[in-house]
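Worksheet: one structure, shown below.
The values are calculated or read from the model by the stated rules, or taken from the named source; none is laboratory data. What you are looking at is a predicted structure, and each value in this text was computed from that prediction instead of being measured. Cβ: placed from backbone, ideal geometry, glycine included. Neighbour counts: every protein chain shown. Each accessible area value is taken on the protein alone, full model and side chains, heavy atoms only, with ligands, DNA and RNA left out. Shrake-Rupley method; radii C 1.70, N 1.55, O 1.52, S 1.80 Å.
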Amino acid sequence: MTGQWSPELRQAIAGFLQSLADEKLALGHRDSEWLGHAPHIEEDVAWASISQDEIGHAELYLQLLGDLMGVDPDATAFGRMPEAWRSAQLLALPNGDFAHAIARHFLYDQYDAVRLEWLRQSGYQPLAEAAARIAREERYHVVHFSAWLTRLATPASEARQRLIAALGELLPACAGLFERTAEEELLCGAGLLPWVDLQTQWLARVCPVLDGLGLPSPGVLQADGSWQWRGGASHQGGRRGQQTADLQALLDVMCEVYRQDPAAHW
Amino acid sequence: MTLPPEGKAPFFVYEIFIQRDHASQHEHVYSLLAPDDEMALVLARENFLRREETCINIWAVRRDHIAATPYDDPDLFARTTDRSYRNPSGYRQNMVKWRKYKVLAHGGPEEGE
């Protein structure tokens with residue numbers, strides 16, 4: 001099948017896979033920074049597991065990329081400079097407090113859920129299969145973060161104030177998740193992915209939850225029952241390669257060992 | 001999703017039991033601290049099943065909801081008189097006698113008896 005593709009289409013799929021992997025790598029790394037610092041010991045263990053899951057998902061995407069383009073997954077993960085990354089800036093934001101971490105993961109996992117549903121419909125079989133496998137593991141993540149979100153939203157608590165502050169920063173940054181890239185347009189145009197409006201689907205999942213808890217929400221309920229983006233966007237451009245010093249700092253740590261000897265065998 | 005009650009949430013000790021498959025019973029694996037039943041199950045999922053391949057069910061029970069006997073009353077478990085008649089030990093002697101006196105299908109007692 002892939003033999004019939006034009007170089008442009010092949011490159012577009014590679015870029016698309018790259019972006020999927022980059023976001024999981026960045027998020028997995030930020031998650032790993034909580035090791036030993038979570039406010040509750042069982043949560044610390046659960047968080048370590050979740051961060052490993054995210055890295056594992058990145059590895060899955062990197063394997064697809066390696067199969068397609070013949071690039072080594074490790075070199076792809078650790079050998080690139082920030083300007084070559086295609087992750088939305090949301091994922092590289094430095095960790096704030098626990099409420100910030102829960103809120104970011106909740107928002108992103110809800111996004112991943114709708115995106116994986118979309119990817120499962122892909123005409124590119126390896127991607128559809130990978131998405132199906134990842135979606136099953138992500139189910140626990142959604143349960144985990146929704147549970148914590150609810151508890152942190154406890155009225156008249158310090159946690160709730162911190163959660164509201166965190167959402168203030170994170171909600172506009174979610175706009176960066178919905179920027180359609182040239183690669184996506186090529187893939188949809190070629191019929192490898194259906195045209196979808198992920199933002200509307202994401203709002204439909206996230207807004208009822210946040211509204212129900214009385215928290216700031218990214219959408220406004222319309223007369224026809226749908227949700228519309230409330231407005232305000234920040235931290236955009238990540239999918240198109242516009243990264244910030246956050247990602248630079250992340251990679252300086254994540255790639256530190258690899259950079260000392262990229263040719264080393266582990 | 002409903003908001004939890006106002007105020008600082010107490011955490012309770014939960015005992016965790018997992019069932020590996022439909023042919024097995026729930027086994028006690030460990031305990032953890034959680035504010036409520038749902039969080040106990042959510043945390044148990046990642047704390048005790050990180051390396052397990054199969055599990056189909058988790059129970060979480062609050063330690064203070066478990067009824068237990070006291071440790072400082074050993075007389076509750078006292079066995080001071082002989083109760084060997086309650087052991088199913090007589091059946092082994094029976095089996096020896098059956099073998100000795102049973103006529104086998106091809107006739108005659110077993111060799112050596």
(Q) Between a residue in the range A:142-171 that is within 7 Å of chain B (Cβ to nearest Cβ) and any residue that is part of a helix (DSSP H, G or I) and open to solvent by 30 Å² or more (accessible area, probe 1.4 Å), which pairs come within a Cβ distance under 7 Å, given they are 6 or more apart or on different chains? (A) A:ALA147/B:GLU38; A:ALA153/A:ARG160; A:THR154/A:ARG160
(Q) Every residue in the range A:153-178 that is over 26 Å from A:GLY238 (Cβ atoms) and open to solvent by 20 Å² or more (accessible area, probe 1.4 Å), please. (A) A:PRO155, A:ALA156, A:SER157, A:GLU158, A:ALA159, A:ARG160, A:GLN161
Q | A:CYS207, sole failed condition from (1) modelled with pLDDT under 95; (2) of a type in the set (A, V, I, L, M, F, W, C); (3) within 15 Å of A:GLN110 (Cβ to Cβ) | A | (1)
Q: Could you tell me which residue of the range B:19-40 is farthest from A:GLY212 (Cα to Cα), considering only residues that are among the aliphatic types (A, V, I, L, M) and at pLDDT 95 or above?
A: B:ALA23
Q. Across the range A:190-248, what is the total count of residues that are out of contact with any strand residue (DSSP E or B) (no Cβ under 8 Å at 6 or more places or on another chain), assigned to a loop (DSSP other than H, G, I, E, B) and not hydrophobic (A, V, I, L, M, F, W, C)?
A. 19
(Q) Going through A:GLY231, A:GLY219 one at a time, which residue ends up being open to solvent by less than 40 Å² (accessible area, probe 1.4 Å), over 18 Å from A:GLU83 (Cβ atoms) and not acidic (Asp, Glu)? (A) A:GLY219
Q: Answer yes if at least one residue in the range A:31-46 is touching a helix residue (DSSP H, G or I) at 6+ places or on another chain (Cβ under 6 Å), on the phi < 0 side of the Ramachandran plot, among the hydroxyl-bearing types (Ser, Thr, Tyr) and surrounded by fewer than 22 Cβ atoms within 10 Å (Cβ to Cβ), and no otherwise.
A: yes
(Q) Any residue at all in the range A:91-101 that's farther than 22 Å from A:ALA165 by Cα, away from chain B (no Cβ under 14 Å) and touching a helix residue (DSSP H, G or I) at 6+ places or on another chain (Cβ under 6 Å)? (A) no
Q: Hey, could you check the range B:17-45 for residues that are more than 10 Å from chain A (Cβ to nearest Cβ) and of a type in the set (Val, Ile, Thr) and say which is least open to solvent (accessible area, probe 1.4 Å)?
A: B:ILE18
Q) How many residues does the range B:46-101 hold that are within 14 Å of chain A (Cβ to nearest Cβ), open to solvent by less than 70 Å² (accessible area, probe 1.4 Å) and outside any strand (DSSP E or B)? A) 5
